[in-house]
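> My questions all concern the structure below.
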Amino acid sequence: MRKIKKGDAVVIVAGRDRGRQGTVLSVLKSKTRYADAFRLLVEGINLIKKHTKPREDKPGGIIEKEASIAISNVAIFNAATGKADRVGFKVLEDGRKVRVYKSTGEVVDHA
């Protein structure tokens, strides 16, 4: 179970987009030798320009798209406090393991 998942609202805590908020589009496994090295695609964050060649079905040109960002540079957004927060895990009485905000102890997953 990961601390940050697809669909989470996150705040960028380091880099040129520091302070901006976005939604996680996907979680990518990094191509390093470390097991827990993940990268994220966050909507509207870390935008790059990609020059594309014209193809049969697509015109060429310069498109702007999101590049991945290291998971260590983001923190989950706590709507109750309006700030970035850390995430921990807790096992409920019924045996489910859920994510919780470290500052308030509230459950992140409401599904």
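The values are calculated or read from the model by the stated rules, or taken from the named source; none is laboratory data. As the structure is a prediction and not an experimental result, all values here were calculated from the model. Methodologically, a virtual Cβ is constructed for each residue, glycine included, from the backbone with ideal geometry; neighbour enumeration extends over all protein chains shown. For the accessible areas, the whole protein counts, side chains as well, though only heavy atoms, and no ligand, DNA or RNA atoms are used. Shrake-Rupley method; radii C 1.70, N 1.55, O 1.52, S 1.80 Å.
> In segment 85-99, what residues are surrounded by fewer than 18 Cβ atoms within 10 Å (Cβ to Cβ) and assigned to a strand (DSSP E or B)?
Val87, Gly88, Phe89, Lys90, Val91, Lys97, Val98
> Would you be able to tell me the number of residues in segment 40-64 that are open to solvent by less than 40 Å² (accessible area, probe 1.4 Å) and closer than 19 Å to Val13 by Cα?
The qualifying residues number 5.
> Can I ask one more? What are the residues in segment 1-33 that are under 20 Å from Phe89 (Cβ atoms) and assigned to a loop (DSSP other than H, G, I, E, B), if any?
Hits for segment 1-33 are Met1, Arg2, Lys3, Ile4, Lys5, Lys6, Gly7, Asp8.
> Now for a separate question. For segment 62-84, how many residues meet the condition of being assigned to a loop (DSSP other than H, G, I, E, B) and charged (D, E, K, R)?
0
> Among the numbered criteria (1) closer than 14 Å to Val24 by Cα; (2) in contact with a His (Cβ under 7 Å, 6 or more places away or on another chain), which single criterion is violated by Phe77?
(2)
> While we're here: Scan segment 65-90 for residues that are closer than 20 Å to Gly15 by Cα, among the hydrophobic types (A, V, I, L, M, F, W, C) and free of Cβ contacts under 8 Å to residues at least 60 places away in the same chain and report the count.
Of the residues in that region, 3 qualify.
> Can I ask one more? With respect to Thr104, determine if the residue is surrounded by fewer than 17 Cβ atoms within 10 Å (Cβ to Cβ) and touching a Phe, Trp or Tyr at 6+ places or on another chain (Cβ under 9 Å).
So Thr104 does not fit the description; no.
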